[in-house]
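Single-structure report; data block below.
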Amino acid sequence: MTTTERRVDRNHLVRHLRQLLLDTRYLLLGVPLSLLAFAVAVVGISLGAGLVVVVAGVPILGATLSACRSFAGLERKRVEVVLRQSLSAPVYRQAPADASPLRRWASPLADPQCWLDFAYAVVRSVPSLLAFSVALTWWTGAVVGLASPMHLRSLAIQVYSVGDLLTGRESLGNPWLGFAVGAGMLLTLVPVVRTVAWLDASAARVLLRAVPCGA
């Protein structure tokens, strides 16, 4: 293998490892952000709807939709590192410059894009939690599995025949079997995390699509 080929292989490996860390960070941060967005959206809309008969309900509803808009803007930036493309920012309706404070608060209520951002905040936690669970399982399996032989010092060393391994006898107590499972999960860690991160970001892309002006 030439020096150029080794350099290409090394750069290829570095790119995959870097993307693995970016995808993992995206999934890790997605869980608390999605849960926070869900809490703000549900509590805000419930409180605002309960007070809608009085003037106080309008500012609460407006503030809730504005918060959902902020969460959506943050997610549009976050998915870029996973999808490797930028999402077009939507055009939100703005209240006239001379509008009253109440009308300014009510402006998001008439904007379909704000309601789409609200829907995103409500359902976002489901794909986020599912994707993170898969990634966490693979990371944990790889780390714990590869560390299994380290327990040999504290365990009574036993010799297993091939038949024992094939029939599954004592498999739970065999650290080398755990090592083999961990090695397999390590080898598939990059494609698995990449896939679930891409699916999660793709779901966000669909939910965060821009509503055409005038819709």
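Here, each number is a calculation from the coordinates, and none is a lab measurement. Being a predicted model, the structure only gives us computed values, none of them experimental. Using ideal geometry, Cβ is built from the backbone for each residue, glycine included, and neighbour counts are taken over all protein chains shown.
Once the principal axes of the Cα atoms of segment 1-146 are found, what is the range along each, listed largest first in whole angstroms?
Result, largest extent first: 74, 35, 16 Å.
Starting with the highest mean, order 132-140, 57-65 by the number of other Cβ atoms within 10 Å, averaged over the residues of each peptide. List each step's numbers first, then the result.
On the way: 132-140: 17.0, 57-65: 20.2.
Per-residue Cβ counts within 10 Å, averaged per peptide and sorted highest first, yield 57-65, 132-140.
Would you mind checking the radius of gyration and Dmax of segment 16-64 based on alpha-carbon positions, in Å?
Answer for segment 16-64, Rg first and Dmax second: 17.2, 55 Å.
Apply the Kirkwood formula to segment 38-84: the hydrodynamic radius equals the inverse of the mean of 1/r over all pairs of different alpha-carbon atoms; give it in Å with one decimal. Could the numbers behind the result be given before it?
On the way: mean 1/r = 0.0865 Å⁻¹.
It is 11.6 Å.
Got the relative contact order for segment 12-94 handy, in percent, Cα pairs under 8 Å and 6 or more residues apart? Before the final figure, lay out each step's value.
On the way: 46 pairs, mean separation 22.6, N = 83.
Taking the mean separation of contacting Cα pairs over the length of segment 12-94, I get 27 percent.
From the alpha carbon gyration tensor of segment 58-127, can you work out the equivalent ellipsoid semi-axes (sqrt of 5 times each eigenvalue) and give them in Å, largest to smallest? Don't skip to the answer; put the middle values down first.
Working: eigenvalues 132, 39, 13 Å².
Working from the Cα gyration tensor, I get semi-axes of 26, 14, 8 Å.
Considering only the other residues whose Cβ falls under 11 Å of the Cβ of Arg124, what net charge follows from Lys and Arg at +1 and Asp and Glu at -1?
On the way: positive: none; negative: Glu75, Asp117, Asp200.
My count for the surroundings of Arg124 gives -3.
Near Val134, within a Cβ-to-Cβ distance under 15 Å, what is the net charge of the other residues, with Lys and Arg +1 and Asp and Glu -1? Could the numbers behind the result be given before it?
Values: positive: Arg194; negative: Asp23, Asp200.
Value of the local net charge: -1.
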